[in-house]
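Working notes, beginning with the structure itself.
The values are calculated or read from the model by the stated rules, or taken from the named source; none is laboratory data. Please read these numbers as outputs of a predicted model, since none were measured by experiment. Cβ: placed from backbone, ideal geometry, glycine included. Neighbour counts: every protein chain shown. Note: areas computed on protein heavy atoms with side chains; ligands, DNA, RNA excluded. Shrake-Rupley method; radii C 1.70, N 1.55, O 1.52, S 1.80 Å.
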Amino acid sequence: MTATPPSAIDASTERTRTVDIVVYPGFKAMEAVGPMSVFEYANLHLARRGRPPGYDVRIASSRLGTVASDTLMSLEATKVLNTLALPDSAIVVGARHIETALADGAAIVDWVAAACPRIERLASLCSGAFFLAAAGVLDGKRATTHWSVAERLQAAHPAIAVEADAIFIRDGKLWTSAGVTAGMDLALALVEEDFGRDLALEVATEMVVYLKRPGGQSQFSSYLKSERTARPNIRELQSWILDNLHERFTTAQLATRAMMSERHFARVFQQEVGLSAQEFIEASRFERATHLLADLALPLKTVAARACFSDEAHMRRVFMKKLGITPKLYRERFATTGLDSAA
């Protein structure tokens with residue numbers, strides 16, 4: 001790779017940015033390691049260009065020493081949270097049991113409240129948003145978190161405009177993201193802001209992830225998990241629909257199968273699933289298509305047929321509606337080889 005001439009480098013991108021990743025007992029390991037890896041790969045690619053490191057990453061906590069995560073892995077906190085040595089950016093990770101983490105994390109909440117006015121960027125990953133919310137810094141702001149706790153965050157903090165479907169959101173200096181791997185999306189966005197799209201794209205390519213993934217959290221099958229539905233007859237109907245996607249059902253036919261009136265069925269299904277019956281069917285076909293598109297040997301017409309769309313044009317319309325991209329482009333963004341043979 002050819003090094004960028006010094007004269008072509010913006011001096012503002014030459015400084016090393018400090019980043020504190022804030023952890024506590026029970027933090028989600030992948031949410032800490034994912035962004036750390038993004039920043040490390042950014043440093044690697046900067047070095048290949050003959051440039052100094054872009055990031056100095058520290059693990060910070062309320063006390064020094066080993067901090068156990070939600071897995072067998074622990075991280076060594078080498079920095080104590082304080083307001084006298086603020087980093088350029090801080091990232092507060094989430095936890096599986098956020099209520100417990102919050103109850104034991106008053107020091108983090110206090111630090112967030114004190115640091116926010118003076119820090120350059122403050123981010124939270126997944127349920128880490130609850131620390132920012134408890135500190136009051138998200139009031140009047142747009143924010144996101146993992147879809148499974150989004151309603152809880154909104155109910156507990158009505159002054160926040162919670163957007164449950166977003167992968168990540170930036171509102172001024174505050175950044176929030178969805179769960180786990182979305183932390184890498186957010187970290188890549190920080191790299192892009194600091195060093196430009198080209199470097200961020202190089203990092204994303206080496207890590208085999210999107211620079212900007214299409215769609216929101218709703219694409220990740222939460223709406224297809226029938227076990228979350230309380231009513232047994234609706235759960236059974238969902239499973240039956242998934243086994244018979246090749247059929248063309250009317251709402252009246254589905255209501256009959258659920259042994260309900262059409263009006264009552266429509267109301268109950270929407271209440272239980274969060275989608276109308278027809279929307280659920282469309283979402284099920286869409287999800288099946290996303291899995292089939294990973295097989296490069298399948299022509300798009302075959303994918304459409306096996307996903308039970310009426311034809312390829314129908315599948316294309318659904319992809320455009322849900323993700324804003326075509327099935328072909330979706331395949332290209334996920335696949336790394338063999339594209340010339342794909343339809």
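Looking at 32, 47, can you tell me which residue is among the aliphatic types (A, V, I, L, M), more than 24 Å from the chain's Cα centre (by Cα) and in a helix (DSSP H, G or I)? If you could, list the steps in order and put the result at the bottom.
Details: 32 fails: more than 24 Å from the chain's Cα centre (by Cα).
From the options 32, 47, the qualifying one is 47.
Within segment 278-309, being touching a residue at least 40 places away in the same chain (Cβ under 8 Å) and small (Gly, Ala, Ser) holds for 283, 284, 294, 297, 307. Listed by first and then second residue, the pairs with beta-carbon distance under 9 Å, at least 6 apart or on different chains, first residue in segment 318-331 and free of Cβ contacts under 8 Å to residues at least 24 places away in the same chain, second open to solvent by 20 Å² or more (accessible area, probe 1.4 Å) and in a helix (DSSP H, G or I), are 321/282; 326/316; 326/320; 329/323. Under the condition of being assigned to a helix (DSSP H, G or I) and either open to solvent by 10 Å² or more (accessible area, probe 1.4 Å) or free of Cβ contacts under 8 Å to residues at least 60 places away in the same chain (or both), the residues counted in segment 112-126 number 4.
Which residue out of 46, 86, 81 is out of contact with any Phe, Trp or Tyr (no Cβ under 8 Å at 6 or more places or on another chain) and at pLDDT 95 or above?
On the way: 46 fails: out of contact with any Phe, Trp or Tyr (no Cβ under 8 Å at 6 or more places or on another chain); 81 fails: out of contact with any Phe, Trp or Tyr (no Cβ under 8 Å at 6 or more places or on another chain).
Going through 46, 86, 81 in turn, the sole match is 86.
Only one entry in 189, 178, 182, 164 is under 21 Å from residue 18 (Cβ atoms), in the same structural domain as residue 106 (by the TED database), modelled with pLDDT under 95 and not basic (Lys, Arg), namely 189.
Only residues that are open to solvent by 20 Å² or more (accessible area, probe 1.4 Å) and part of a loop (DSSP other than H, G, I, E, B) were counted across segment 145-160, and they come to 4.
Taking the conditions (1) exposed (fewer than 15 other Cβ atoms within 10 Å of the Cβ); (2) closer than 17 Å to residue 14 by Cβ in turn, residue 72 satisfies each one other than (2). Just the residues that are at pLDDT 90 or above and either touching a Leu at 6+ places or on another chain (Cβ under 6 Å) or part of a helix (DSSP H, G or I) (or both), please, taken from segment 308-343. Matches in segment 308-343: 308, 312, 313, 314, 315, 316, 317, 318, 319, 320, 327, 328. List the residue pairs whose Cβ atoms are under 6 Å apart, where the first residue sits in segment 229-249 and is under 12 Å from residue 273 (Cα atoms), the second is open to solvent by less than 70 Å² (accessible area, probe 1.4 Å) and at pLDDT below 90, and the two are 6 or more positions apart or on different chains. What qualifies is 229/272; 231/272; 234/272; 235/226; 235/229; 238/226.
Quick one: would you say residue 140 is outside any helix (DSSP H, G or I), open to solvent by less than 50 Å² (accessible area, probe 1.4 Å) and at positive phi? Break it down stepwise before answering.
Numbers: outside any helix (DSSP H, G or I): yes; open to solvent by less than 50 Å² (accessible area, probe 1.4 Å): no; at positive phi: yes.
Here the answer is no, as residue 140 does not meet what is asked.
Restricting the search to segment 292-324, which residues are over 16 Å from residue 282 (Cα atoms) and surrounded by 15 or more Cβ atoms within 10 Å (Cβ to Cβ)? Scanning segment 292-324 gives 293, 296, 298, 300. Filtered by the rule that a residue be open to solvent by 20 Å² or more (accessible area, probe 1.4 Å) and within 24 Å of residue 144 (Cα to Cα), segment 168-200 gives 168, 170, 171, 172, 173, 180, 181, 184, 192, 193, 197.
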